[in-house]
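A short write-up of the structure that comes next.
The values are calculated or read from the model by the stated rules, or taken from the named source; none is laboratory data. Note that the coordinates shown come from a computational prediction; the quantities given were computed from them, not determined experimentally. Neighbour counts run over all protein chains shown; Cβ positions are idealised from the backbone, glycine included. Note: areas computed on protein heavy atoms with side chains; ligands, DNA, RNA excluded. Shrake-Rupley method; radii C 1.70, N 1.55, O 1.52, S 1.80 Å.
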Amino acid sequence: MNSSSSRLVFAGVLSFCCLFAFADPLMPSGGDDYQAIVDAITAAGTGGTVELGEGTFRISQSLEISTAVTIKGAGMDKTVITPTKTGFRGFYLKNKSIEVSDLAVSGFTGKGEYSYYGVGMRVNGGVIRRCHITRNKNGSLYASGTGVYIENANGKIYDSIVDFNSVAANNDMDGAGINVTLKDPTPATSFAID
């Protein structure tokens, strides 16, 4: 094989290897990680995966996600999403092809529009897998599912823990753990808790 053929073969192998290279997981900054997570979701694109490393990610606004992505932590006891302030929910999943897995969502306190439905996670499509949704608080007298609120039975939860979420005293609605609504009288076909 001549030297130009060797270079071509080497370049082809290098190109092939680069297709399967894995990026390092996003690590917490110690400050506000909201924009870094949003940028990682945008960069991953439809069908992509955002890996979050071990540690506590602090966010200043709700992660409202419409793009079909997977957000994967290092484990429900290793990757934590927590707020920098009160007044908003952790996640709002808005696509049936979103999966959030292997992380904890903790310490959110809903106020105003963010206190009614799902302070930890609001789900209108998507999957929660191996997550710990804990210590989230409802700041309203009218609220449903402080830990997880699933709209129109359009979501799935597998192998997760939802505990120690709380509602305001004299709450007039439906609970602190998980609330599932079914607004359409058609039987639910996409709802599961395992």
Restricting to segment 37-60, name every residue that is closer than 25 Å to Ile161 by Cβ and polar (S, T, N, Q).
Thr49, Thr56
Modelled with pLDDT under 90, of a type outside the set (Gly, Ala, Ser), closer than 30 Å to Gly53 by Cβ and within 19 Å of the chain's Cα centre (by Cα): does that describe Asp163?
no
Output the number of residues of segment 22-59 satisfying the condition of being within 15 Å of Met76 (Cα to Cα) and small (Gly, Ala, Ser).
2
Based on this model, can you work out whether Ile81 counts as buried (at least 22 other Cβ atoms within 10 Å of the Cβ), in contact (Cβ under 8 Å) with a residue 12 or more places away in the chain and of a type in the set (A, V, I, L, M)?
yes
Of all residues in segment 125-165, how many are at negative phi, out of contact with any Phe, Trp or Tyr (no Cβ under 9 Å at 6 or more places or on another chain) and of a type in the set (Phe, Trp, Tyr)?
1
Considering only strands (runs of 3 or more DSSP E) fully contained in segment 86-139, which possess at least 1 residues that are polar (S, T, N, Q) and under 17 Å from Gly75 (Cβ atoms)?
99-101, 104-106, 132-134
In the set Asp33, Asp24, the lone residue that is over 13 Å from Glu99 (Cβ atoms), surrounded by 15 or more Cβ atoms within 10 Å (Cβ to Cβ) and touching a residue at least 12 places away in the same chain (Cβ under 8 Å) is Asp33
Among all residue pairs at least 6 apart or on different chains, which show Cβ distances below 7 Å where the first residue, located in segment 166-179, is farther than 24 Å from Lys156 by Cβ and at pLDDT 65 or above and the second is of a type in the set (Lys, Arg) and open to solvent by 80 Å² or more (accessible area, probe 1.4 Å)?
Ser166/Lys137
